[in-house]
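The values are calculated or read from the model by the stated rules, or taken from the named source; none is laboratory data. Owing to the predicted nature of the structure, the values given are computational and were not obtained by experimental measurement. Neighbour counts are summed over all protein chains in view; Cβ atoms, including those assigned to glycine, are modelled from backbone coordinates with ideal geometry.
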């Protein structure tokens, strides 16, 4: 009998977060439709973290702007298709959508004001507001479907500290699953205005917690699904660099997304090493060389948590994912349902 490998495929379903958000068609619809073809082919479940505050703002704008209304309706239809295709739809909060400006002439957004980039930047009342808005959107998405008894959350930018700032809202809306901790990673933005540090974490990749997302409490009511980093070193680092230089100008390597980035950066907490680099396991970073590294990781580990952003996908990424899944399935049985994986 083949060994079971738990592969959690998670996606941050969002626009770009800079001065131009990009279009819904190219950042959300097109790459996700291509992704769903692969997930359906391999009969795999998925988790989509929906930028619910964007949808809340979009719904408000849609009252006066037809283009925005069409975007909203199209997104809701796609999210319901995701649910039909074994997908779970969870909360993903980028609070600075509260200050985003709608660019009517482009039917895009300026999301460059980072004053409220993390939940830690909000007042208690604002935190109550954004969780209420997020819950309203998820309730609408799940109309006609059986909503999970418990749901999940990923902090925008992974800025989930301090957890106590919003724990009450997690409890209120029965959000017990968190997916924000990237092991051995840290980030800081807006001159220290928000930060996280996940240099400390339990050995288990999935664990219970209560007060902080990176500190285990075996009787805690919340479950953390940590993200690991892929090490690229030695001959693989050389091969990856050569492979990139040989192919990056090809049309198949061009991402579909057409917006501008927020400029947010995540760093490794380990000492710098020119001969080694770390990055998250992500479809937008996947290629033929890294596919071997992902498979090598699964030889040693039984749990792989992939964090990806459809807005960053290229046709090459989708093709690489299809090939990777085919090779993994030839050796292992894949468990991809988040609720089965999380039954710790």
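Here are some notes:
- Qualifying positions in segment 111-132 - surrounded by fewer than 17 Cβ atoms within 10 Å (Cβ to Cβ) and more than 10 Å from residue 98 (Cβ to Cβ): 123, 124, 125, 128, 132
- Residues satisfying the stated conditions in segment 10-36, i.e. out of contact with any helix residue (DSSP H, G or I) (no Cβ under 7 Å at 6 or more places or on another chain), within 23 Å of residue 254 (Cβ to Cβ) and either touching a residue at least 60 places away in the same chain (Cβ under 8 Å) or surrounded by 24 or more Cβ atoms within 10 Å (Cβ to Cβ) (or both): 12, 17, 18, 19, 20, 21, 23, 26, 30
- Those residues of segment 20-35 which are in contact with a strand residue (DSSP E or B) (Cβ under 8 Å, 6 or more places away or on another chain) and either at pLDDT below 95 or within 17 Å of residue 77 (Cα to Cα) (or both), in sequence order: 23, 28, 32, 35
- Total residues in segment 189-213, condition closer than 21 Å to residue 264 by Cα and surrounded by fewer than 16 Cβ atoms within 10 Å (Cβ to Cβ): 7
- Among residues of segment 63-81 that are on the phi < 0 side of the Ramachandran plot and free of Cβ contacts under 8 Å to residues at least 60 places away in the same chain, those with a beta-carbon under 6 Å from a residue that is buried (at least 16 other Cβ atoms within 10 Å of the Cβ) and outside any helix (DSSP H, G or I) at least six positions away or on a different chain give the pairs 67/107; 68/62; 69/62; 72/62.
- Residue in segment 186-196 that is outside any strand (DSSP E or B) and within 20 Å of the chain's Cα centre (by Cα) present: no
- Checking each residue in segment 208-258 for being out of contact with any helix residue (DSSP H, G or I) (no Cβ under 7 Å at 6 or more places or on another chain), under 30 Å from residue 302 (Cα atoms) and part of a loop (DSSP other than H, G, I, E, B) picks out 210, 214, 215, 217, 218, 219, 220, 221, 226, 228.
- Pairs linking a residue in segment 180-198 that is in contact (Cβ under 8 Å) with a residue 24 or more places away in the chain and on the phi > 0 side of the Ramachandran plot to a residue that is assigned to a loop (DSSP other than H, G, I, E, B) and surrounded by fewer than 16 Cβ atoms within 10 Å (Cβ to Cβ), with Cβ atoms under 9 Å and 6 or more positions apart or on different chains, are 184/199; 184/269; 184/270; 190/115.
- Residue check, residue 221 surrounded by 18 or more Cβ atoms within 10 Å (Cβ to Cβ), touching a residue at least 40 places away in the same chain (Cβ under 8 Å) and in contact with a strand residue (DSSP E or B) (Cβ under 7 Å, 6 or more places away or on another chain): no
- Meeting the requirement of 1 or more residues that are farther than 20 Å from residue 21 by Cα and modelled with pLDDT of 95 or more, the strands (runs of 3 or more DSSP E) wholly within segment 97-172 are 151-155.
- Residue 91 being in contact with a strand residue (DSSP E or B) (Cβ under 8 Å, 6 or more places away or on another chain), surrounded by fewer than 23 Cβ atoms within 10 Å (Cβ to Cβ) and either in contact (Cβ under 8 Å) with a residue 24 or more places away in the chain or over 17 Å from residue 132 (Cβ atoms) (or both): no
- Number of positions in segment 326-339 that are assigned to a helix (DSSP H, G or I) and either surrounded by 20 or more Cβ atoms within 10 Å (Cβ to Cβ) or without any contact (Cβ under 8 Å) to a residue 40 or more places away in the chain (or both): 2
- Qualifying residue in segment 133-146 (condition: within 18 Å of residue 225 (Cα to Cα), crowded, with 19+ Cβ neighbours inside 10 Å and under 19 Å from the mean Cα position of the chain (by Cα)): no
- Test: residue in segment 311-324 that is on the phi < 0 side of the Ramachandran plot, in contact (Cβ under 8 Å) with a residue 12 or more places away in the chain and in contact with a strand residue (DSSP E or B) (Cβ under 7 Å, 6 or more places away or on another chain): no
Condition check ((1) under 30 Å from residue 115 (Cα atoms); (2) at pLDDT below 95; (3) touching a strand residue (DSSP E or B) at 6+ places or on another chain (Cβ under 6 Å)) across all residues:
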residue	(1), (2), (3)
254	no, no, no
258	yes, no, no
276	no, yes, yes
282	yes, no, yes
296	no, no, no
308	yes, no, yes
